[in-house]
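Working notes for the structure below.
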Amino acid sequence: QVQFVESGGGLVQPGGSLRLSCAASGSMFKIYPTGWYRQAPGKQRTLISTITSGGGTNYDDSIKGRFTISRDNAKNTMYLQMNSLEPEDTAVYYCNILPTSLGKWGQGTQVTVSS
């Protein structure tokens, strides 16, 4: 299984920005699509963005135009640039390979948007 370590979260004011990183182990990262998920308090974990090995991207409507997903296959790393953050973006953010059965969930990184 591919293992992941997420980082880059923190406390930010509304309208601010953060850049999350997802470091992956194993060679499958370079081949399969990967995605960012988030889990808000009291809610289920949901997929918010995906990127293929070739760089094709997809975004949930809630983040479209504000977040940008990218990946560096040479570094086995995926990123999520988050701009214009809103309180509703507060959540623990996770990354995984798709299908998720090929990966192991990491600890996630907490993002809190508050004034």
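The values are calculated or read from the model by the stated rules, or taken from the named source; none is laboratory data. Computed from a predicted model, the values in this text were never measured in an experiment. Every residue, glycine as well, gets a Cβ built from its backbone with ideal geometry; the counts of neighbours run over all protein chains shown. We work out accessible area using only protein heavy atoms, side chains counted, and drop any ligands, DNA or RNA first. Shrake-Rupley method; radii C 1.70, N 1.55, O 1.52, S 1.80 Å.
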Practice item. Kindly indicate whether Ser70 is among the small types (Gly, Ala, Ser) and part of a strand (DSSP E or B). Key: yes
Check your understanding: Are there any pairs, at least 6 apart or on different chains, whose C-beta atoms fall under 8 Å, with the first in segment 58-85 and of a type in the set (Asp, Glu) and the second open to solvent by less than 60 Å² (accessible area, probe 1.4 Å), and if so, which?
Key -> Asp60/Ile48; Asp60/Ser49; Asp72/Met78; Asp72/Tyr79
Exercise for review: Take Ile97 and decide whether it is of a type outside the set (Phe, Trp, Tyr) and over 17 Å from Met28 (Cβ atoms).
Suggested key: no
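Residues are listed down the side, and each one gets a yes or a no for (1) buried (at least 19 other Cβ atoms within 10 Å of the Cβ); (2) assigned to a strand (DSSP E or B); (3) at pLDDT 95 or above:
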residue: Phe29; (1), (2), (3): yes, no, no
residue: Lys43; (1), (2), (3): no, no, yes
residue: Asn96; (1), (2), (3): yes, yes, yes
residue: Ser101; (1), (2), (3): no, no, no
residue: Gln110; (1), (2), (3): no, yes, yes
Exercise for review: Enumerate the pairs (first residue in segment 91-106 and within 12 Å of Arg45 (Cα to Cα); second residue anywhere and buried (at least 18 other Cβ atoms within 10 Å of the Cβ) and basic (Lys, Arg)) with beta-carbon separation below 8 Å, excluding pairs fewer than 6 apart on the same chain, so at least 6 apart or on different chains.
Suggested key: Ala91/Arg38; Val92/Arg38; Tyr93/Arg38; Tyr94/Arg38
Exercise for review: Specify the residue that is surrounded by the fewest Cβ atoms within 10 Å (Cβ to Cβ); the eligible residues are those in segment 67-94 that are out of contact with any helix residue (DSSP H, G or I) (no Cβ under 9 Å at 6 or more places or on another chain) and of a type in the set (Phe, Trp, Tyr).
Suggested key: Tyr79
Check your understanding: For Gly16, which of the numbered conditions (1) in a strand (DSSP E or B); (2) open to solvent by less than 40 Å² (accessible area, probe 1.4 Å); (3) not aromatic (Phe, Trp, Tyr) fails to hold?
Key -> (1)
